[in-house]
1. Give the residues of the range 195-220 that are assigned to a loop (DSSP other than H, G, I, E, B) and in contact (Cβ under 8 Å) with a residue 40 or more places away in the chain, sorted by residue number.
2. Checking Val243 against (1) more than 18 Å from the chain's Cα centre (by Cα); (2) part of a strand (DSSP E or B), which test does it fail?
3. Can you tell me how many residues within the range 158-179 are open to solvent by 100 Å² or more (accessible area, probe 1.4 Å) and assigned to a helix (DSSP H, G or I)?
4. Criterion first (under 24 Å from Cys162 (Cβ atoms), modelled with pLDDT of 95 or more and either open to solvent by 40 Å² or more (accessible area, probe 1.4 Å) or touching a strand residue (DSSP E or B) at 6+ places or on another chain (Cβ under 7 Å) (or both)) does His222 satisfy it?
5. Would you be able to tell me the number of residues in the range 98-135 that are under 22 Å from Leu250 (Cβ atoms) and in a helix (DSSP H, G or I)?
6. Go through the range 1-45 and give me each residue that's among the hydroxyl-bearing types (Ser, Thr, Tyr) and modelled with pLDDT under 85.
7. Just to verify a result, which residue in the range 136-152, among those that are free of Cβ contacts under 8 Å to residues at least 40 places away in the same chain and part of a loop (DSSP other than H, G, I, E, B), is most open to solvent (accessible area, probe 1.4 Å)?
8. If you check Glu271 against the conditions, is it within 21 Å of Arg50 (Cα to Cα), among the acidic types (Asp, Glu) and not in a strand (DSSP E or B)?
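The values are calculated or read from the model by the stated rules, or taken from the named source; none is laboratory data. Predicted model, so just to flag it, every value in this text is computed and none were measured. For neighbour counting, all protein chains shown are included, and Cβ atoms are generated from backbone atoms with ideal geometry for every residue, glycine included. Heavy atoms of the whole protein, side chains included, go into the accessibility calculation; ligands, DNA and RNA do not. Shrake-Rupley method; radii C 1.70, N 1.55, O 1.52, S 1.80 Å.
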Amino acid sequence: MYRWIGWVTSPKRARLLGRILTGIPKPFLLALFSLAAHLLARFGGQVSQRIKDNMTAVLGKNAPVEHLRRQYFYQVCLTLYELLFVSMRLPSQGEKRFCLTGEKHLQSALGAGRGAILYAPHMGNFFFAYWLLSQRYPCLAVVTARSEELRPLYLMMQELGCTGLDYDETPPLLLLKKLRKHLSQNGVVFLLGDFSRPGFPAGSLFGRKTPLPHGAASLALHGKATVIPFYCRRLKGFTHLCVFQPPLLLHEQFRTDQVAEAMEQLYPFLEDFVRAVPEQWLYWFNVDERWTTEEHSSEEVS
């Protein structure tokens, strides 16, 4: 998948695609992306098959996997188009592209003066969601720009004022120090909780043991910051919905040495968000790489 993205985002091809696509009326553009998604789903080789297998493993054999796989590719096409050719228009017309629900939960949390942590999956156009959050709040994200294919996309968002700490370039202690300081100043930290690395502690996702970061719970317990489950999904075309869930006060339920136990309260939100709009979750193409040899629960394949 990253190779496909890298092919599209290379400067030469991006300029060529820009000249072709930006002049196409919106209805025809959406039809073009729908056709591209159909072709990718049918002739996408190992990547397409892997997406299908992973969806079946997680969502069950009765899920409309063929439809979801096509919609997945459709969402990827739309998101890449937005990042490459629409993002430069965000400063002038970006907020018109969003609907928000539950924002009062974030505003209320900030009223306590200890900052807030938005705990989210890689869903919808999460790049654009972070741009919107950055316009409304002092927002800081943890990102990973190690992939050469994805790096141009992160740099685009950086130019639009979206500040972030690179997980791979920032020493762990410095990363933690900066995040804690930002929260202590009543800032917002945007954490994508389904980010995974082999060295992360074991968590639980879709009934399988999966390495997942513990940063959300650690920051919340040590700084008494509120955690707000959050996700962004595409409503239709180029319109996005941002959903803020009721806040979680983990520091009132757990001690500072109970980070792993506190994280167990957060993992179900990732699952629920993905199951609600499965076609808009990024990681179907490689989620199987994260699973350990431990068997998933029986309900996951029913």
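1. Of all residues in the range 195-220, those assigned to a loop (DSSP other than H, G, I, E, B) come to 195-201, 206-207, 212-214.
Correct list: Phe195, Ser196, Pro201, Phe206, Gly207, Leu212, His214.
2. The single condition Val243 does not satisfy is (1).
3. Taking the range 158-179 as the starting set, the residues that turn out to be open to solvent by 100 Å² or more (accessible area, probe 1.4 Å) are 158-159, 169, 172-173, 177.
Then drop every residue that is not assigned to a helix (DSSP H, G or I), which leaves 158-159, 172-173, 177.
Number of matching residues: 5.
4. Values: under 24 Å from Cys162 (Cβ atoms): no; modelled with pLDDT of 95 or more: yes; either open to solvent by 40 Å² or more (accessible area, probe 1.4 Å) or touching a strand residue (DSSP E or B) at 6+ places or on another chain (Cβ under 7 Å) (or both): yes.
No; evaluated as a whole, the condition is false for this residue.
5. Going through the range 98-135 one residue at a time, the tally reaches 9.
6. First, the residues of the range 1-45 that are among the hydroxyl-bearing types (Ser, Thr, Tyr): 2, 9-10, 22, 34.
Matches in the range 1-45: Tyr2, Thr9, Ser10, Thr22.
7. It comes out as Arg146.
8. Values: within 21 Å of Arg50 (Cα to Cα): yes; among the acidic types (Asp, Glu): yes; not in a strand (DSSP E or B): yes.
So Glu271 passes the test.
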